[in-house]
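Have a look at the structure below, then the notes.
The values are calculated or read from the model by the stated rules, or taken from the named source; none is laboratory data. Worth saying up front: this structure is predicted, and the values here are computed from it rather than measured. Cβ sites come from the backbone with ideal geometry, for glycine too, and all protein chains shown count toward neighbours.
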Amino acid sequence: MSLLSDTPELYLDLMKKCLTRYIFPETYTPLRRPPLTLRHAAWVLYPPVAAILKSRGLSLFRKANVNLTQRAEGRDWPADAETMIGLKRLDNLHFCIQQVLREGIPGDFIETGVWRGGACIFMRAALQAYGDTSRTVWVADSFEGLPKPDGRYSQDFGDRHWKKSEVLGIPLEQVQANFSRYGLLDDRVRFLKGWFKDTLPSAPIEKLAILRLDGDMYASTMDSLVNLYPKLSPGGYIIIDDYSEIATCSQAVDDFRRTHSITTPLTPIDSCAVYWKKSS
């Protein structure tokens, strides 16, 4: 195989390692507020000190201790990377993209719950690398973190993801800037801003070839499945990021599959995520 024919794969392999910061891991990471029970004085002093530094364009940092094995498996929260899903889950996404393009499966790509946008950036990079000009990448997120349980599903009672907006709520403008950093922000990237229960029912999506869910909660996962799985073309792929990690996520998937008599086996990607190919 010639170097020219290898170019798309070399580019996409490099993109994975850049988006995860696997090839240039962080030297320092932000120092967050310590637990109240750990060091009371530090817990009290952190907010005013952090506020003063922020007003001067500075932050509190500590020396990073990056474990590249954990980074590859998506087991840490990178300080700078555009994605936290790791190399193995990006490899799976790469495989799914290759398959739908080779088989001509119609439809766009979407991720619901994007954090800093890394998986969606990779989707757009793959379309660019393979010369596909027909598909759109949909980027669905509140860009404010996860919702507070609204009572629709008892399975989410007591869920506290909404309290982590400091690290999970990445503003839309920052995600768009991340696309721009890689030269991949254009009119084939569409953003759906808001809670899934509000945006997905009316999203102007006709068909999907890849549906990637990373909503953590029962409601977020179910809202994505109910509104988007019917648009997934036969032969397309659905990826569930937190199936083996978060019980409410797996329960939503299992309930949906049972209701709709979906018997296609779930294929593990790593210790966290699974996927399956839609048969009909």
| task | Evaluate the following for Tyr11: is it touching a helix residue (DSSP H, G or I) at 6+ places or on another chain (Cβ under 6 Å), assigned to a helix (DSSP H, G or I) and modelled with pLDDT of 65 or more? | result | yes
| field | In the range 94-139, residue surrounded by the most Cβ atoms within 10 Å (Cβ to Cβ) [restricted to those that are of a type in the set (S, T, N, Q) and under 22 Å from Cys18 (Cβ atoms)] | value | Gln128
| Scope the range 149-169; condition touching a Ser or Thr at 6+ places or on another chain (Cβ under 9 Å) and in a loop (DSSP other than H, G, I, E, B); matching residues | Tyr153, Asp159, Gly169
| message | Given the options Gly183, Gly145, name the one that is more than 21 Å from Asn92 (Cα to Cα) and touching a Ser or Thr at 6+ places or on another chain (Cβ under 7 Å). | response | Gly145
| field | When residues of the range 230-250 are limited to those that are of a type in the set (D, E, K, R) and in contact (Cβ under 8 Å) with a residue 60 or more places away in the chain, the one farthest from Ser279 (Cα to Cα) | value | Asp241
| request: Please list, ordered by first then second residue, the pairs with beta carbon atoms under 8 Å, 6 or more apart or interchain, first in the range 260-280 and closer than 20 Å to Lys88 by Cα, second among the charged types (D, E, K, R) and at pLDDT 95 or above. | output: Ile269/Lys88; Ile269/Arg89; Asp270/Lys88; Asp270/Arg89; Cys272/Arg89; Cys272/Asp241; Ala273/Arg89; Ala273/Asp241
| query | Which one of Ser142, Ser154, Ser165 is of a type outside the set (D, E, K, R), closer than 21 Å to Ala81 by Cα and modelled with pLDDT under 95? | reply | Ser165
| task | Sort out for me the strands (runs of 3 or more DSSP E) sitting completely within the range 172-269 that have 3 or more residues that are more than 18 Å from the chain's Cα centre (by Cα). | result | 232-240
| query | Given the structure, is Asp150 surrounded by fewer than 17 Cβ atoms within 10 Å (Cβ to Cβ) and in contact (Cβ under 8 Å) with a residue 40 or more places away in the chain? | reply | yes
